[in-house]
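In what follows, a single structure is set out as structure tokens and then discussed.
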Amino acid sequence: MTELSLETRLDLIESGYEFLLAYAAQGLESDREGGSGPKVRDILNDMLRGLTGIAASVPSEESLEPFLEVLGEDAGKAGAAIGLVLSQPHISSQLVDNLNASIHLRALLTDLFLIDEAIKRSAS
């Protein structure tokens, strides 16, 4: 399996979160109904793929090292929340809305925005 680049990982997670926001607004009782229902599991699995090992995919730089530990911890917590949702027999819009509101997923997203900006600044 090919190692994902940091950019690919960021895209999977951020575009997945955007999809989840739209899914939560649909009012579905299950991922077995509606046109985008079945796709939610694929999106969640893509997000998991993107966040698994994400800290190791960040270019090594001494100034980033302390934060990479935080990123790894937050990715693990967000991954656990996504895994919980995936383990359910039915994924409702309400369940996804609760995932979207999870402090763990929000912390991961904020970490990603922060690390992405820090990498851009250090490259210039």
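The values are calculated or read from the model by the stated rules, or taken from the named source; none is laboratory data. Quick caveat: nothing in here was measured; it's all calculated off a predicted structure. A quick note on method: Cβ atoms are made from the backbone with ideal geometry, for glycine too, and the neighbour counts reach across all protein chains shown.
Mind listing whichever residues of the stretch 77-124 are closer than 17 Å to L10 by Cβ and free of Cβ contacts under 8 Å to residues at least 12 places away in the same chain? Within the stretch 77-124, R106, T110, F113, E117, K120, R121, A123 qualify.
Got at least one residue in the stretch 3-10 being loosely packed, with under 14 Cβ neighbours inside 10 Å, over 26 Å from A118 (Cβ atoms), modelled with pLDDT under 95 and not β-branched (V, I, T)? No: zero hits.
Checking E14, E18 one by one, the residue that is surrounded by fewer than 14 Cβ atoms within 10 Å (Cβ to Cβ), part of a helix (DSSP H, G or I) and at pLDDT 95 or above is E18 and no other. Of all residues assigned to the stretch 23-43, none qualifies as being among the basic types (K, R) and under 25 Å from L114 (Cβ atoms).
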